[in-house]
Each structure stands twice: as C-alpha cells, then as structure tokens.
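What follows is calculated from the coordinates using simple rules that are stated; it is not laboratory data. Since the model is a prediction, treat every value here as computed from it, not as a measurement. Glycine also receives a Cβ, built like all others from the backbone with ideal geometry; neighbour counts cover every protein chain displayed.
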Amino acid sequence: MARVYVTMVLDADIEQAWGVLRDFNGLPDYHPMFAESHIEDGRPADQVGCVRNFVDHEGGRIREELLALSDREYLCAYRILEAGMPVRNYVSQMRLWPVTESGQTFGEWWAEFDVDPADEAATVERVTETFRQAFQSVSARFSR
C-alpha cells in the first residue's frame with residue numbers, strides 16, 4: 001500500500017482556508033489542475049455520500065465519494081470510485097488546524113491506496129503534487 005502525506009502552513013486563517021477547501025465541488029475554483037466539476041444526482045456538495053465528478057485540463061475524469069465532512073474538526077475525507085490513475089482502494093483525508101501564534105493554518109492531506117509497483121513512483125508524485133498545489137493555491141488567495 002502506498003501512502004502520500006503533505007503538510008503546509010497556509011497564509012490564511014482557518015475560517016478562510018476551510019471556507020474554500022470544504023467545498024467538495026469547488027476544485028475548479030481554486031485548483032489549477034481541474035477544469036470542471038459537478039455533484040452527481042443533484043445532491044448537496046456537503047452531504048456525506050455525494051459523488052463529485054470532475055475533469056482535469058487534459059480531459060481526465062475522476063469520480064470521488066465524500067466519506068466525511070466536519071466543520072467542527074475542519075476535516076474532509078473521500079474515496080476514489082473511478083480515475084484515470086492506476087490506483088485501487090484509494091482513501092484520502094484533508095484536515096486543517098489553526099496556528100494560533102500567527103493566525104495561519106496548518107494543513108495536512110494524506111492518501112493511502114494500492115498501486116502496482118511499476119506505477120507507484122509516478123502515482124505518488126502525481127498525488128503529492130495535487131495536494132501541494134491545492135494548499136499553495138488557497139494560501140496564495142489569502143496571502144498577506
């Protein structure tokens with residue numbers, strides 16, 4: 001099983017960062033890799049069990065199911081249902097913590113998944129870069 005773990009201090013307070021990252025359908029609004037997204041079956045984007053169907057700028061489609069969303073714990077967890085990546089049993093969680101001394105936010109994002117050894121290095125790098133770019137984009141939005 002492969003594991004990706006990315007952390008970053010975001011130049012935003014926790015409410016600002018969470019306001020962007022909690023939107024399960026909002027990837028194209030802040031993430032440079034993604035072009036469009038919709039929630040299937042007209043369900044709300046904050047309803048556990050909803051499925052987001054999104055496309056990157058190269059036309060790759062991914063479907064993910066929301067497993068948990070907590071405004072109290074600033075936590076979002078999801079799993080991949082379908083993707084153009086060679087992953088199986090992919091589960092991910094993003095969580096935010098306030099940095100009380102600076103008013104910034106500490107973000108952590110991890111994923112665990114099965115992948116064939118021949119594809120592991122490239123897939124781990126792709127997932128790592130996806131998480132890193134998400135945090136960088138949110139941080140830049142609120143940069144002081």
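Which of the residues spanning the range 112-143 are among the aliphatic types (A, V, I, L, M) and part of a helix (DSSP H, G or I)?
A118, A121, A122, V124, V127, A134, V138, A140
Restricting the range 97-144 to residues that are over 15 Å from the mean Cα position of the chain (by Cα) and basic (K, R), the residue that is nearest to Y30 (Cα to Cα) is R141. Under the condition of being surrounded by fewer than 14 Cβ atoms within 10 Å (Cβ to Cβ) and either more than 15 Å from the chain's Cα centre (by Cα) or of a type in the set (F, W, Y) (or both), the residues counted in the range 70-96 number 7.
Scanning the range 8-22 for residues that are closer than 13 Å to A134 by Cβ and either touching a helix residue (DSSP H, G or I) at 6+ places or on another chain (Cβ under 7 Å) or exposed (fewer than 14 other Cβ atoms within 10 Å of the Cβ) (or both) returns M8, L10, A12, A17, V20, L21.
The C-beta contact set for the range 73-90 (first residue part of a strand (DSSP E or B), second residue among the small types (G, A, S), distance under 6 angstrom, 6+ apart or interchain) comprises A77/A68; Y78/S92.
Check the range 86-93 and report whether any residue there is on the phi > 0 side of the Ramachandran plot and touching a strand residue (DSSP E or B) at 6+ places or on another chain (Cβ under 6 Å).
The answer is yes; a qualifying residue exists.
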